[in-house]
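Asks: Below is a structure I'd like to ask you about.
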Amino acid sequence: MTTWTTRLETGHHDRHAIREINLAAFPTALEADLVDALRQDPDAWLPWGSWIAESPDGTATGFALLTRCHVDGVPALALGPCAVPPEHQSMGAGSAAIRAALDAARSAGENLVLVLGHASYYPRFGFIPASRYGIRPPFEVPEENMMALTFDPARPIPTGTIRYAAPFGV
(Lines give C-alpha, C1' and ligand atoms only; values in the text may rest on other atoms or scores of the structure.)
Protein backbone atom coordinates (compact mmCIF):
# COMPACT_ATOMS: atom_id res chain seq x y z
CA MET A 1 0.00 0.00 0.00
CA THR A 2 1.45 3.34 -1.08
CA THR A 3 1.38 6.20 1.38
CA TRP A 4 0.55 9.45 -0.39
CA THR A 5 1.49 12.87 0.86
CA THR A 6 -0.81 15.70 -0.19
CA ARG A 7 -0.04 19.37 -0.48
CA LEU A 8 -1.16 22.56 -2.13
CA GLU A 9 0.20 23.57 -5.51
CA THR A 10 3.08 26.00 -5.13
CA GLY A 11 5.04 27.68 -7.87
CA HIS A 12 6.08 27.05 -11.45
CA HIS A 13 7.51 23.56 -10.84
CA ASP A 14 4.12 22.34 -9.60
CA ARG A 15 2.31 23.95 -12.53
CA HIS A 16 4.51 21.97 -14.90
CA ALA A 17 3.98 18.73 -12.94
CA ILE A 18 0.20 19.25 -12.87
CA ARG A 19 0.15 19.85 -16.61
CA GLU A 20 2.15 16.66 -17.18
CA ILE A 21 -0.23 14.66 -14.94
CA ASN A 22 -3.23 15.90 -16.92
CA LEU A 23 -1.55 15.28 -20.27
CA ALA A 24 -0.77 11.71 -19.22
CA ALA A 25 -4.22 11.03 -17.76
CA PHE A 26 -6.39 12.30 -20.62
CA PRO A 27 -6.34 11.61 -24.37
CA THR A 28 -6.06 15.30 -25.34
CA ALA A 29 -4.65 18.50 -23.83
CA LEU A 30 -8.17 19.79 -23.08
CA GLU A 31 -7.99 19.24 -19.30
CA ALA A 32 -4.39 20.47 -19.00
CA ASP A 33 -5.33 23.61 -20.93
CA LEU A 34 -8.44 24.05 -18.77
CA VAL A 35 -6.37 23.98 -15.56
CA ASP A 36 -4.02 26.62 -17.03
CA ALA A 37 -6.99 28.81 -18.02
CA LEU A 38 -8.69 28.43 -14.63
CA ARG A 39 -5.44 29.42 -12.91
CA GLN A 40 -5.62 32.74 -14.81
CA ASP A 41 -9.28 33.41 -13.93
CA PRO A 42 -9.51 35.43 -10.68
CA ASP A 43 -13.24 34.67 -10.40
CA ALA A 44 -12.62 30.92 -10.49
CA TRP A 45 -9.20 30.28 -8.94
CA LEU A 46 -9.01 29.58 -5.22
CA PRO A 47 -5.58 29.80 -3.53
CA TRP A 48 -6.41 26.68 -1.51
CA GLY A 49 -8.06 24.67 -4.31
CA SER A 50 -5.24 22.95 -6.24
CA TRP A 51 -3.96 19.76 -4.60
CA ILE A 52 -1.18 17.33 -5.45
CA ALA A 53 -0.64 13.81 -4.14
CA GLU A 54 3.03 12.83 -4.00
CA SER A 55 4.50 9.36 -3.94
CA PRO A 56 7.00 8.50 -1.17
CA ASP A 57 9.87 9.64 -3.43
CA GLY A 58 8.25 13.09 -3.85
CA THR A 59 6.94 12.59 -7.38
CA ALA A 60 3.72 14.48 -8.09
CA THR A 61 1.34 11.67 -9.02
CA GLY A 62 -2.24 12.74 -8.33
CA PHE A 63 -4.11 16.00 -8.85
CA ALA A 64 -7.45 17.46 -7.81
CA LEU A 65 -8.76 20.97 -8.44
CA LEU A 66 -11.57 22.95 -6.85
CA THR A 67 -12.69 26.19 -8.50
CA ARG A 68 -15.55 28.59 -7.92
CA CYS A 69 -18.85 28.00 -9.62
CA HIS A 70 -22.38 29.12 -8.76
CA VAL A 71 -25.82 27.57 -8.49
CA ASP A 72 -28.31 30.24 -9.52
CA GLY A 73 -25.98 32.93 -8.17
CA VAL A 74 -25.03 31.18 -4.91
CA PRO A 75 -21.31 30.32 -4.59
CA ALA A 76 -20.38 26.65 -4.81
CA LEU A 77 -17.33 24.65 -5.87
CA ALA A 78 -16.59 22.60 -8.96
CA LEU A 79 -14.31 19.59 -8.48
CA GLY A 80 -12.23 18.80 -11.53
CA PRO A 81 -10.15 18.11 -13.36
CA CYS A 82 -8.88 15.29 -11.20
CA ALA A 83 -6.10 13.24 -12.72
CA VAL A 84 -3.58 10.44 -12.21
CA PRO A 85 -1.28 9.07 -14.92
CA PRO A 86 -2.40 5.60 -16.08
CA GLU A 87 0.59 3.80 -14.54
CA HIS A 88 -0.41 5.09 -11.08
CA GLN A 89 -4.19 4.73 -11.29
CA SER A 90 -6.07 2.57 -8.77
CA MET A 91 -3.33 3.05 -6.19
CA GLY A 92 -4.94 5.83 -4.13
CA ALA A 93 -3.16 8.94 -5.45
CA GLY A 94 -6.32 10.43 -6.93
CA SER A 95 -8.36 9.67 -3.83
CA ALA A 96 -5.70 11.26 -1.64
CA ALA A 97 -5.69 14.46 -3.71
CA ILE A 98 -9.49 14.62 -3.76
CA ARG A 99 -9.76 14.07 -0.01
CA ALA A 100 -7.19 16.81 0.62
CA ALA A 101 -9.12 19.21 -1.62
CA LEU A 102 -12.42 18.38 0.08
CA ASP A 103 -10.84 18.82 3.52
CA ALA A 104 -9.57 22.24 2.43
CA ALA A 105 -13.05 23.19 1.20
CA ARG A 106 -14.60 22.14 4.49
CA SER A 107 -11.97 24.12 6.42
CA ALA A 108 -12.64 27.17 4.24
CA GLY A 109 -16.30 27.10 5.27
CA GLU A 110 -17.62 25.94 1.92
CA ASN A 111 -20.68 23.70 1.88
CA LEU A 112 -21.41 22.56 -1.67
CA VAL A 113 -19.10 20.77 -4.11
CA LEU A 114 -20.24 19.64 -7.55
CA VAL A 115 -18.57 17.12 -9.83
CA LEU A 116 -19.30 15.72 -13.26
CA GLY A 117 -17.72 12.30 -13.19
CA HIS A 118 -17.92 8.54 -12.92
CA ALA A 119 -21.01 7.50 -10.98
CA SER A 120 -19.14 4.54 -9.51
CA TYR A 121 -16.12 6.54 -8.29
CA TYR A 122 -17.24 9.76 -6.60
CA PRO A 123 -19.85 8.33 -4.18
CA ARG A 124 -16.94 7.00 -2.07
CA PHE A 125 -16.34 10.64 -1.08
CA GLY A 126 -20.00 11.23 -0.22
CA PHE A 127 -21.25 12.56 -3.56
CA ILE A 128 -24.84 11.84 -4.56
CA PRO A 129 -26.77 12.82 -7.70
CA ALA A 130 -27.08 16.61 -7.73
CA SER A 131 -30.69 16.26 -8.88
CA ARG A 132 -31.60 15.19 -5.34
CA TYR A 133 -30.88 18.79 -4.34
CA GLY A 134 -32.62 20.26 -7.37
CA ILE A 135 -29.26 21.15 -8.97
CA ARG A 136 -28.71 20.64 -12.68
CA PRO A 137 -25.90 21.34 -15.14
CA PRO A 138 -26.34 23.79 -18.03
CA PHE A 139 -26.05 20.90 -20.52
CA GLU A 140 -27.42 17.40 -20.99
CA VAL A 141 -25.66 14.72 -18.97
CA PRO A 142 -26.80 11.45 -17.40
CA GLU A 143 -28.28 12.24 -14.00
CA GLU A 144 -26.01 9.81 -12.17
CA ASN A 145 -22.87 11.57 -13.47
CA MET A 146 -23.68 15.06 -12.14
CA MET A 147 -23.09 14.80 -8.41
CA ALA A 148 -23.09 17.00 -5.34
CA LEU A 149 -21.55 16.83 -1.88
CA THR A 150 -22.63 18.93 1.09
CA PHE A 151 -20.63 19.17 4.27
CA ASP A 152 -23.46 20.44 6.48
CA PRO A 153 -26.94 19.48 5.31
CA ALA A 154 -28.40 21.81 7.97
CA ARG A 155 -27.10 24.80 5.98
CA PRO A 156 -29.19 26.04 3.04
CA ILE A 157 -28.41 24.29 -0.23
CA PRO A 158 -29.15 26.28 -3.38
CA THR A 159 -31.24 24.82 -6.18
CA GLY A 160 -31.10 25.59 -9.87
CA THR A 161 -28.62 25.59 -12.71
CA ILE A 162 -24.85 25.43 -12.26
CA ARG A 163 -22.85 28.32 -13.75
CA TYR A 164 -19.29 27.20 -14.30
CA ALA A 165 -16.32 29.56 -14.57
CA ALA A 166 -15.79 31.01 -18.06
CA PRO A 167 -12.80 28.75 -18.96
CA PHE A 168 -15.12 25.73 -18.90
CA GLY A 169 -16.81 27.18 -21.96
CA VAL A 170 -20.34 26.18 -20.99
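Asks: Considering region 67-86 alone, what residues qualify as being among the hydrophobic types (A, V, I, L, M, F, W, C), under 18 Å from ALA25 (Cα atoms) and part of a strand (DSSP E or B)? So that I can check it myself, show each step before the final result.
Replies: First, the residues of region 67-86 that are among the hydrophobic types (A, V, I, L, M, F, W, C): 69, 71, 74, 76-79, 82-84.
Checking which are under 18 Å from ALA25 (Cα atoms) leaves us with 79, 82-84.
Residues satisfying the conditions are LEU79, CYS82, ALA83.
Asks: Of the residues GLY109, GLY117, only one is at pLDDT 95 or above and either open to solvent by less than 20 Å² (accessible area, probe 1.4 Å) or under 21 Å from PRO137 (Cα atoms) (or both); which?
Replies: Unique residue meeting the criteria: GLY117.
Asks: Can you name the number of the only condition in (1) within 19 Å of LEU66 (Cα to Cα); (2) over 17 Å from the mean Cα position of the chain (by Cα); (3) not aromatic (Phe, Trp, Tyr) that VAL141 fails?
Replies: Result: VAL141 fails condition (1) only.
Asks: Quickly run through region 80-102 and pick out the residues that are touching a residue at least 60 places away in the same chain (Cβ under 8 Å) and either in contact with a Lys or Arg (Cβ under 7 Å, 6 or more places away or on another chain) or among the hydrophobic types (A, V, I, L, M, F, W, C) (or both).
Replies: Listed by number, the residues that qualify are ALA83, VAL84, MET91, ALA93, ALA96, ALA97, ALA100.
Asks: Among the residues of region 32-48, is any of a type outside the set (D, E, K, R), open to solvent by 50 Å² or more (accessible area, probe 1.4 Å), at negative phi and within 13 Å of the chain's Cα centre (by Cα)?
Replies: Scanning region 32-48 turns up at least one residue that is of a type outside the set (D, E, K, R), open to solvent by 50 Å² or more (accessible area, probe 1.4 Å), at negative phi and within 13 Å of the chain's Cα centre (by Cα).
Asks: While we're on this one: Give just the number: which of (1) in contact with a helix residue (DSSP H, G or I) (Cβ under 7 Å, 6 or more places away or on another chain); (2) touching a residue at least 60 places away in the same chain (Cβ under 8 Å); (3) of a type outside the set (A, V, I, L, M, F, W, C) does TYR164 not satisfy?
Replies: (1)
Asks: Does ALA17 satisfy the criteria of being part of a helix (DSSP H, G or I), surrounded by fewer than 20 Cβ atoms within 10 Å (Cβ to Cβ), out of contact with any strand residue (DSSP E or B) (no Cβ under 9 Å at 6 or more places or on another chain) and of a type in the set (A, V, I, L, M)?
Replies: For ALA17, the condition - part of a helix (DSSP H, G or I), surrounded by fewer than 20 Cβ atoms within 10 Å (Cβ to Cβ), out of contact with any strand residue (DSSP E or B) (no Cβ under 9 Å at 6 or more places or on another chain) and of a type in the set (A, V, I, L, M) - is not met.
Asks: What's the number of the only condition in (1) modelled with pLDDT of 95 or more; (2) open to solvent by 40 Å² or more (accessible area, probe 1.4 Å); (3) out of contact with any helix residue (DSSP H, G or I) (no Cβ under 7 Å at 6 or more places or on another chain) that GLY169 fails to meet?
Replies: (1)
Asks: Among the numbered criteria (1) over 23 Å from PRO27 (Cα atoms); (2) open to solvent by 20 Å² or more (accessible area, probe 1.4 Å); (3) free of Cβ contacts under 8 Å to residues at least 24 places away in the same chain, which one does PHE127 miss?
Replies: (2)
The values are calculated or read from the model by the stated rules, or taken from the named source; none is laboratory data. Remember, it's a predicted structure, so these values are computed and weren't measured experimentally. Virtual Cβ from ideal backbone geometry, glycine too; neighbours counted across all protein chains shown. For accessibility, only protein heavy atoms count, side chains too; no ligands or nucleic acids. Shrake-Rupley method; radii C 1.70, N 1.55, O 1.52, S 1.80 Å.
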